[in-house]
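The values are calculated or read from the model by the stated rules, or taken from the named source; none is laboratory data. Predicted model, so just to flag it, every value in this text is computed and none were measured. When we count neighbours, we look across all protein chains shown, and the Cβ atoms used for this are built from the backbone with ideal geometry, even at glycine. Note: areas computed on protein heavy atoms with side chains; ligands, DNA, RNA excluded. Shrake-Rupley method; radii C 1.70, N 1.55, O 1.52, S 1.80 Å.
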Amino acid sequence: MAEDLFLGELVDPAAHERTGDRLDYDPADLTTHGVIVGMTGSGKTGLGVVLLEEALRNGIPTLVLDPKGDMTNLALRFPGLSADEFGPWVPEGSDAGETAAMWKDGLASWGLDGSHVSGLAASSNVTVYTPGSSAGVPLNVIGSLAAPGSGSGATADEEAMNDEIEGLVSGLLSMIGITADPLSSPEHILLTNLVARSWSAGTSLDLGQLVQQIQDPPIRKLGVLELDSFYPAKERAKLAMKLNGLLASPSFAAWAEGVPMDMDALLSTDNGAACSVIYLAHLSEEERQFVVTLLLSKLVTWMRSQSGTPDLRALVYMDEVFGYVPPTAAPPAKKPILTILKQARAFGVGMVLSTQNPVDLDYKAISNAGTWMIGRLQTERDVDRLKDGLENSSGSVDIDALTGTISGLGTREFVLHTTKGSEPSVFTTRWAMDYLAGPLTRDQVGSLPGQPDAGTVRAAATSDTAPTVPAADRPVDVADDEVAVAPEVAAGVTVRWVDPAAPWLPDAGGDPDSTSYHAGVAARIELLFDDTKADLRHREEFECVVVGLGDTFDADEIVAVDYDDRDLRETAPERAAYRIGDAPIDTKTYFTKAEKAIKDKLYRDQTMAVRANPTLKLYSRPGESEDEFAGRCEAAADAGADEDTAKIRTRLESKMTTVHKAIEREQIRIDELESKASDSKQHELISGAGDLLGSLLGGKKSAKSILGKVKGVSSRRKQSSAAGDRVETALAKVEQKEMELGDLEAELADAIADIAADWDAKAVEISEIDIGLEKTDISVSQLALIWVPC
């Protein structure tokens, strides 16, 4: 576990004197990143050097981005603390002996001496890289077009690779003065797709190949639009010219020299902790953006391939971050910086950003920084701007009191504020072990002590990687069984070259990135499927290729593809090598036999699958889906069922009509009988109700006369009873007819159900049959010799 970083001592803010209390800082806290702010002369550079020295003493590798040249001082280590060591590096007119003595005394005041400097040198190694220059150790920036995982680095996941591509393309376009939006710029989208296509296949690129692909892209569409509609050839040519101008510039050659951007090497701990200083002072602003964007994008890819850890695995330090994380703009380097600030903690990677002016930073973007080291500021505006940033990140600290303390800081004094909850403290930095000579020039960088020999490093690097030369200018790599000129083909035979962008090329065994071309045959055949029983007469176009021709054409090797005229070019590509095969392609007979073999093969094997319903005498149509044909069969079955149902309904409806009429007649009779029965009953009641009683009570009546009355009443009652019986009889007849009607309805329902079931069964009697070809139904409309990249 790493020890605390000895940064200095606490000071009394009022007296500006050291208290004797050491400031030891936990390196793990830097996984939440840090910000150093201070005006020129505040001691900001010295604090950065001390912080990096302590990380290196603890075995933590560092990646240092140095836009001004100050951080090259990390290589000025003089364990002897002698005038001879300091002599070449002291300012003109200064005394080397006095400088050496001052440095010795300064270290002693902090309990340090030459042995500590020697220990730092033994535990770490500093290398100053100079992209675009051979002054220091050259860095092969264009080699960054190598696919992730193609070198010693870890293979990138898709998200990391996409982020790296975006950074690469944004930086590259900035080099030619194009500010591009990754989501809307045609230039950015095209280059991104070209690089992604190669990298996804594990294939590396160089800038020359990329320029060629811009002019002749191996892709047909961008999104859903045709390439020429989305980004016309004329506009692509302009972009290619700009990049080619960059590539053709003599000064740009240095960008392709030196060691590759390999994070495993730049952050190595094999021979002590690596301190990789990327010197940028000699570059233009666009070139700096390019390098920083590429480097940090590769760092993100490397970072995501690491296992998680709570400890500080590596430290990234960026001196003078002005222009890279501005509050209102989005230069190319901003995205990878923000990605590191948001995600690097989980992987043990810390980032420290240093700047003179608080207005240079997008505080909302870096509000999660856990450590702030704040020195003297130049203006009240700087203090106010810093206050805004602290309010976004500090939590409950008294901002007004903190900014008041900042205003009273002296040289080399800093306020340490962390988000861990402890109170801010004021400290002064310890004396740096490395000599702070100030910004070094490019010539001075070439003389730094302890640096690897630039020529040796460059030679070693280029021995493992091919030089970046425009693809069109390279000699053709020809194998023993290949020639650089296309072999002769029989007269009258069409010759074409397969476009690397042909979507079917990999399925046919081709390699779109290969420059080795093998002979093949492409054929387009017209097929006629004709069957009277199935009422079928369907024409179909069949296309196929055969790659890798033998002395005898083998039709069993054909691969069915869907090619169009764009897939077969009329002109040969540059740098093509042609494999010498056994096929006698210079004889017409070979192609005549090939055509016959293809036709015989299709006659034997090619069929059209047709769905059939023999019962319904239905056959599927070309292009008709299984569900559509089943629906057609169901509709036909429904029609048959309706027809059968209509017949049986006609027969039974006649009987039902007869029954209905009988019921109606009986109902009328019932109404009549009920009416008569009602009248008889009423007459019986009215006429006879008092007759007998009246006879008994009405005086002297003879027995015969009374008996006569009785007989009259009885007669009327019998008549009324008979009428009621007739109604009951009629009702019984109606009930019987209604039962007959119910039986007929049930018979009809059962018959309809049987009909429906029978036709439903017929509807699903579907099978598949194959319709073959007659030899006269096969005609070859195109046969061509094709050269296929394999």
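In a Debye calculation with equal point scatterers on the alpha-carbon sites of the chain and no solvent, what is log10 I(q)/I(0) at q = 0.07, 0.09 Å⁻¹?
-0.73, -0.95
Which residues' amide hydrogens lie under 5 Å from the amide hydrogen of residue 618, considering only partners 5 or more residues apart or on another chain, with H built in the peptide plane?
The answer is 613.
Anything over 27 Å Cα to Cα? Flag those among 334/387; 221/601; 242/364; 221/364; 655/733, in the order listed.
The pairs that break the limit, which is 27 Å between Cα atoms, are 221/601; 242/364; 221/364.
Mind checking the per residue accessible area of the range 512-592 for me, 1.4 Å probe, whole number of Å²?
52 Å²
Compute, for residue 629, the solvent-accessible surface of its heavy atoms (probe 1.4 Å) with the complete set of protein chains present, and express it in square angstrom to the nearest 10.
Number for this one is 0 Å².
Calculate what fraction, in whole %, of the accessible area of the chain sits on carbon and sulfur atoms when a 1.4 Å probe is rolled over the protein chains.
Numbers: 18210 of 37280 Å².
Carbon and sulfur atoms account for 49 percent of the accessible area of the chain.
Would you be so kind as to identify all helices of the chain, as entire DSSP H runs, whose Cα atoms reach 15 Å or more along the helix's own axis and whose mean Kyte-Doolittle hydropathy is at least -0.5?
Membrane-span-like by this rule: 44-57, 96-108, 158-175, 186-200, 233-248, 285-304, 454-464, 703-763.
Starting from the Cα of residue 176, move 7 Å in the Cα-to-Cβ direction to define the label point; list residues of the range 183-225 whose amide nitrogen is under 13 Å from there.
Residues 186-192, 207-216 qualify, since their backbone N sits under 13 Å from the label point.
So how do 766-779, 41-54, 205-218 stack up, highest first, on mean other-Cβ count within 10 Å?
41-54, 205-218, 766-779
In Å and whole numbers, how far do the C-alpha atoms of the range 603-648 stretch along each principal axis, longest first?
51, 18, 9
In whole Hz, with x marking every Gly and Pro, tabulate ³J(HN,Hα) for the range 16-31 from phi via Karplus 6.51 cos²θ - 1.76 cosθ + 1.60, θ = phi - 60°.
Values, residue by residue: 6, 10, 5, 8, x, 8, 5, 9, 9, 10, 6, x, 4, 5, 6, 5 Hz.
Tell me the net charge near residue 189. Cut-off is 11 Å between Cβ atoms, residue 189 excluded, with +1 for each Lys or Arg and -1 for each Asp or Glu. Walk me through the numbers on the way to the answer.
On the way: positive: none; negative: 166, 181, 187.
Every neighbour counted, the sum reads -3.
How long is the gain from residue 268 to residue 658 if the chain were fully straight, where each residue apart is worth 0.36 nm and the alpha carbon distance is subtracted?
Numbers: separation 390, 0.36 × 390 = 140.40 nm, distance 10.68 nm.
Extra length available between residue 268 and residue 658 comes to 129.7 nm.
Calculate, in whole percent, how much of the Cα-Cα pair population of the range 159-233 lies beyond 20 Å. Intermediate results must be reported in sequence, preceding the final value.
Numbers: 728 of 2775 pairs.
When every Cα pair of the range 159-233 is considered, 26 percent fall beyond 20 Å.
Taking the alpha-carbon distance from residue 234 and a cut-off under 19 Å, which aspartates and glutamates remain once sequence neighbours fewer than 8 residues away in the same chain are dropped?
187, 216, 226
Show me, for the range 75-88, the HN-Hα J-couplings you get by feeding each phi into the Karplus relation (A = 6.51, B = -1.76, C = 1.60, θ = phi - 60°), rounded to Hz, glycine and proline as x.
These are the phi-based 3J(HN,Hα) values: 8, 8, 10, 10, x, x, 6, 9, 5, 5, 5, 7, x, x Hz.
Which FRET efficiency value, to the nearest 0.05, is calculated for residue 221 and residue 526 with the Förster distance at 35 angstrom and r the Cβ-Cβ distance? Working shown, then result.
Numbers: r = 28 Å, r/R0 = 0.80.
About 0.80, to the nearest 0.05.
How many nm is it between the label spots at residue 379 and residue 235, if each spot is 7 Å from the Cα in line with the beta carbon?
Label-label distance for residue 379 and residue 235, simple model: 4.1 nm.
Over 21 Å between C-alpha atoms is what I'm after, so list which of 593/775; 596/775; 238/335 land there.
With Cα atoms farther than 21 Å apart: 238/335.
Net charge around residue 370, counting only other residues with Cβ within less than 10 Å of its Cβ (Lys, Arg = +1; Asp, Glu = -1)?
Value of the local net charge: +1.
Tell me the net charge near residue 203. Cut-off is 13 Å between Cβ atoms, residue 203 excluded, with +1 for each Lys or Arg and -1 for each Asp or Glu.
Local charge sum for residue 203: -2.
Between residue 649 and residue 24, what length comes free when the chain is fully extended (0.36 nm per residue of separation minus the Cα-Cα distance, one decimal in nm)?
Separation in residues times 0.36 nm, less the Cα-Cα distance, equals 214.7 nm.
Less than 17 Å apart at the alpha-carbon level, and either on another chain or at least 8 residues along: which aspartates and glutamates does that give for residue 762?
626, 627, 628, 634, 638, 642, 643, 644, 754
Under 5 Å between amide H atoms, partner at least 5 residues away or on a different chain: which partners does residue 782 have, H built in plane at 1.01 Å?
The answer is 524.
Per residue, how much accessible area does the range 9-136 show when a 1.4 Å probe rolls over the protein heavy atoms, in square angstrom?
Values: 4480 Å² over 128 residues.
Per residue, the range 9-136 has an accessible area of 35 Å².
How much FRET efficiency would the formula 1/(1 + (r/R0)^6) give for residue 118 and residue 480, where r is the Cβ-Cβ distance and R0 is 60 Å, rounded to 0.05?
0.55
Assuming 0.36 nm per residue, please report the length gained on full extension of the stretch residue 638 to residue 249 beyond their Cα-Cα distance. Don't skip to the end; give the middle numbers.
On the way: separation 389, 0.36 × 389 = 140.04 nm, distance 7.96 nm.
So the chain would gain 132.1 nm between residue 638 and residue 249.
How much mean residue ellipticity at 222 nm does the chain get from its helices, if each DSSP H run of length 4 or more adds -39500 (n - 2.57) and you divide by all residues, to the nearest 500 deg cm²/dmol?
-13500 deg cm²/dmol
Compare 176, 165 by solvent-accessible area with a 1.4 Å probe and give them largest first, with all protein chains kept in place.
The ordering from most to least exposed comes out as 176, 165.
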